[in-house]
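Structure first, then comments.
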């Protein structure tokens, strides 16, 4: 496995997590997109080097493993579905409030103040 691919996977993952922690839905959507690409790249790298076709070959030692390819396709479909859902959520948020900032949850604020009062 190449060090460049490892650095690319690490960079995509780090950038994705950084963008997910933002308060803007557009950055969150970009962050999930980067994480999806990192997952697909990691799955393809885990498949090893190129080999013969998975179902046709002379011996079992020279065939390629089809599982990482199938998991990569599944990750692509899940990432696409999540992106569409988040885009619909951002559009709805834009229609109702006029911005795409994620506000604090009122229940989270109540629990945090209650936790501070109890001294824990």
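Overview of results
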quantity: Of all residues making up the stretch 7-23, the number that are surrounded by 15 or more Cβ atoms within 10 Å (Cβ to Cβ) and within 15 Å of residue 101 (Cα to Cα); calculated: 2
quantity: Flag if residue 40 is closer than 26 Å to residue 10 by Cβ, in a helix (DSSP H, G or I), in contact with a helix residue (DSSP H, G or I) (Cβ under 9 Å, 6 or more places away or on another chain) and at pLDDT 65 or above; calculated: yes
quantity: The stretch 61-111, residues that are farther than 27 Å from residue 38 by Cα and in a helix (DSSP H, G or I); calculated: 92, 93, 94, 95, 96, 97, 106, 107, 108, 109, 110, 111
quantity: Test for residue 82: is it within 24 Å of residue 14 (Cα to Cα), surrounded by fewer than 16 Cβ atoms within 10 Å (Cβ to Cβ), modelled with pLDDT of 80 or more and in contact with a helix residue (DSSP H, G or I) (Cβ under 7 Å, 6 or more places away or on another chain); calculated: yes
quantity: Pair list, Cβ under 8 Å, 6 or more apart: the stretch 94-118 residue touching a residue at least 40 places away in the same chain (Cβ under 8 Å), other residue in a helix (DSSP H, G or I); calculated: 100/25; 100/26; 100/90; 100/93; 100/94; 101/25; 102/25; 102/28
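The values are calculated or read from the model by the stated rules, or taken from the named source; none is laboratory data. Everything numeric here is computed off the predicted structure, so don't read it as measured data. When we count neighbours, we look across all protein chains shown, and the Cβ atoms used for this are built from the backbone with ideal geometry, even at glycine.
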